[in-house]
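The values are calculated or read from the model by the stated rules, or taken from the named source; none is laboratory data. These numbers come from a predicted model, not from an experiment. Here Cβ is always computed from backbone atoms with ideal geometry, including for glycine, and neighbour counts include all displayed protein chains.
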Amino acid sequence: MPHPTPTSPARRRLLAAASLTSAAVAAGAPALAAPAQARKQAPGAGKAALVTGSSRGIGAATVRRLAQDGYAVTVNYLRSRDLAERVAADIRAAGGKAIAVQADVSDPAAVRRLFDATEKAHGGVDVVVSNAGIMRLAPFGDMSDEDFDEMMAVNVKGSFNVLREAARRVRDHGRIIALSSSITRMRTPTYGPYAASKGAQDLYASVLAKELAGRMVSVNAIAPGVVNTPLFTDGKTPGQIAGFAQRTPHRRLGEPEDIANTISALCATDGWWVSGQTVFANGGIV
Ligand SMILES: NC(=O)c1ccc[n+]([C@@H]2O[C@H](COP(=O)([O-])OP(=O)(O)OC[C@H]3O[C@@H](n4cnc5c(N)ncnc54)[C@H](OP(=O)(O)O)[C@@H]3O)[C@@H](O)[C@H]2O)c1
């Protein structure tokens, strides 16, 4: 279609429509979007969300954000009991509903107990964020069997355990989100096995989205870039961290809240048509 030129009929129609809208607003007509916005209730009202690995980092920011959105939440942790209990206590102090539950996602029986505890406390589960993950970096020639196996047990098998249980239990119209990574595009040296474990999340989400479509459940992967958490910063020098920050268009690392806000947007009622996708939330780094 030709682009409207300054004098084209298409451009004159656009200008006429714009001036009609301005005239209506100037004459006191109500803004169109405002009343509908005001009537909207909290997206999570009456619903429950479970976020694995939410004692700290991206998971903690996500569970806090979903609680603000009105969800009753389950905070999951592996070892950081104090941190997880504090996140849950903060949410309750702010008027929300939260429990903290220990479970190792690499253990299928523990994941079943995690979902049982969520359903018992909140009456069901509507949103599951498979976030728990670990990162072990080394060039291929130096990667140990132990590090490789541990990473696959948590990131690949563990996320599978969580998504399998989510597929069985998330209520109709729910949301399932798996944490991938922009490393699947950046492909930085030393990140090979970690990148492979995150690429698995993209495939999980796209297949599960098709399996659950009949129940109006949307399933997506979200791929953060470099985010300011220990998973990214541990083992790096300040110079290396600054180097990553400089590579982003915004000249800063992502913060956990940047990712939590994107997850919240995918969980919003209006976001359900986005399904089977990998959403890159990285400030434009790739
Ligand atoms: N940070 C980044 O730059 C970045 C970028 C792209 C993608 N991601 C992905 O985002 C997710 C969260 O990363 P993060 O940076 O927030 O990490 P983080 O700060 O290291 O937090 C990891 C969380 O996962 C939990 N966890 C680890 N192993 C677990 C297990 N076996 N069972 C249950 N929970 C377990 C930890 O619990 P404890 O505190 O109890 O150990 C903690 O709550 C990961 O999947 C990661 O791959 C991160």
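Taking only the stretch 177-196 into account, find how many residues are out of contact with any Lys or Arg (no Cβ under 6 Å at 6 or more places or on another chain) and more than 8 Å from the ligand (Cβ to nearest atom). Residues that pass the stated criteria total 13.
ALA94 meets the stated requirement of being at pLDDT 95 or above and loosely packed, with under 13 Cβ neighbours inside 10 Å. Among residues of the stretch 227-239 that are under 14 Å from ILE134 (Cα atoms) and of a type outside the set (Ser, Thr, Tyr), those with a beta-carbon under 8 Å from a residue that is more than 8 Å from the ligand (Cβ to nearest atom) and not in a helix (DSSP H, G or I) at least six positions away or on a different chain give the pairs VAL227/GLU255; GLY235/LEU137. Each residue in the stretch 122-165 was checked for being surrounded by 17 or more Cβ atoms within 10 Å (Cβ to Cβ), touching a residue at least 60 places away in the same chain (Cβ under 8 Å) and over 23 Å from ASP234 (Cβ atoms), and 6 of them qualify.
Which ones in the stretch 78-136 are hydroxyl-bearing (Ser, Thr, Tyr), outside any strand (DSSP E or B) and touching a helix residue (DSSP H, G or I) at 6+ places or on another chain (Cβ under 7 Å)? It would help to see each step written out before you state the result.
Here is the first cut: in the stretch 78-136, the ones hydroxyl-bearing (Ser, Thr, Tyr) are 80, 106, 118, 130.
Subsequent filtering for residues that are outside any strand (DSSP E or B) retains 80, 106, 118.
Once the filter is applied, which keeps residues that are hydroxyl-bearing (Ser, Thr, Tyr), outside any strand (DSSP E or B) and touching a helix residue (DSSP H, G or I) at 6+ places or on another chain (Cβ under 7 Å), the stretch 78-136 yields only SER106.
Looking at the stretch 242-286, which of its residues are within 13 Å of ALA223 (Cβ to Cβ), surrounded by 15 or more Cβ atoms within 10 Å (Cβ to Cβ) and not β-branched (Val, Ile, Thr)? Residues satisfying the conditions are GLY254, ASP258, LEU266, GLN277, PHE280, ALA281, ASN282, GLY283.
Within the stretch 169-190, can you find the residues that are surrounded by fewer than 19 Cβ atoms within 10 Å (Cβ to Cβ) and either of a type in the set (Phe, Trp, Tyr) or touching a residue at least 24 places away in the same chain (Cβ under 8 Å) (or both)? Of everything in the stretch 169-190, those that are surrounded by fewer than 19 Cβ atoms within 10 Å (Cβ to Cβ) and either of a type in the set (Phe, Trp, Tyr) or touching a residue at least 24 places away in the same chain (Cβ under 8 Å) (or both) turn out to be ARG169, ARG171, ASP172, HIS173, ARG185, MET186, PRO189, THR190.
Tally the residues that are within 8 Å of the ligand (Cβ to nearest atom) and within 13 Å of the chain's Cα centre (by Cα), restricting the search to the stretch 214-226.
First pass over the stretch 214-226, keeping only residues within 8 Å of the ligand (Cβ to nearest atom): 223-226.
If we keep only those that are within 13 Å of the chain's Cα centre (by Cα) too, we end up with 223-225.
Going through the stretch 214-226 one residue at a time, the tally reaches 3.
Just need a number here: residues in the stretch 89-133 that are among the hydrophobic types (A, V, I, L, M, F, W, C) and in contact with a Gly (Cβ under 9 Å, 6 or more places away or on another chain).
The qualifying residues number 7.
Does the stretch 102-120 include one or more residues that are closer than 14 Å to ARG64 by Cβ, in contact (Cβ under 8 Å) with a residue 12 or more places away in the chain and within 13 Å of the ligand (Cβ to nearest atom)? Looking for residues that are closer than 14 Å to ARG64 by Cβ, in contact (Cβ under 8 Å) with a residue 12 or more places away in the chain and within 13 Å of the ligand (Cβ to nearest atom), one finds none in the stretch 102-120, hence no.
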